[in-house]
Amino acid sequence: MDRQKITDALGIPPGTSLYLTKLDFLVWGNNLYFAAIAGEDMAFSLQFRDCREWRWQTYTHIESAGEPFPRTELVNFRLGRSQHRSPAHLLTEHFGLSLFYGDVLLVRDGEEFRFNQ
């Protein structure tokens, strides 16, 4: 599980909860940018760029009171390998996503962290 790579990049304890709060779906799915929160208030973005293929599975019926993207906890994360070599896997309480990507970045306060894979 590569979830700890996210917490390490943020400089927070490994057990800190991570939540996805929004998805920007750009260039017809070529780029997927997840807005996220670590703990209660540390905002960051997880950006998958140059995506070639992805598979999305919804696991629960989501009821949201006017929210297009209710907060969902990132339960498991596997980075895969960049340059479309092996897929990343994200598992949340509401959905699972597998995707082949060119590059992945974690962005916080304007600073970019690249996962070298």
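A full extension of the chain between ASP103 and TRP28 corresponds to an added length of 25.3 nm, given 0.36 nm per residue minus the alpha carbon distance. Taken along the Cα-to-beta-carbon direction at a fixed 7 Å, the label points for GLU40 and THR21 span 1.4 nm. With the convex hull drawn around the C-alpha atoms of the chain, the volume per residue stands at 107 Å³. Of the residues LEU18, LEU26, LEU91, the one that moves most in a GNM of the chain with alpha-carbon contacts below 10 Å is LEU26. A straight line joining the Cα centroids of region 74-117 and region 4-65 runs 8 Å. When the Cα positions of PHE113, ILE6, PHE100 are compared along the charge dipole of the chain, PHE100 comes out farthest toward the positive end, with charges on each C-beta of Lys, Arg, Asp and Glu. Shown is the FRET efficiency for ILE12 and TRP54, computed with R0 = 25 Å from the Cβ-Cβ distance and rounded to the nearest 0.05: 0.35. At full extension, ARG81 and ARG114 could sit 10.7 nm farther apart than now, given 0.36 nm per residue minus the alpha carbon distance.
Any read-out appearing in this document is the output of simple, stated calculations on the displayed coordinates, not a laboratory observation. Keep in mind it's a predicted model, so treat the numbers as computed, not measured. Every residue, glycine among them, receives a Cβ derived from its backbone with ideal geometry; neighbour counts consider all protein chains shown.
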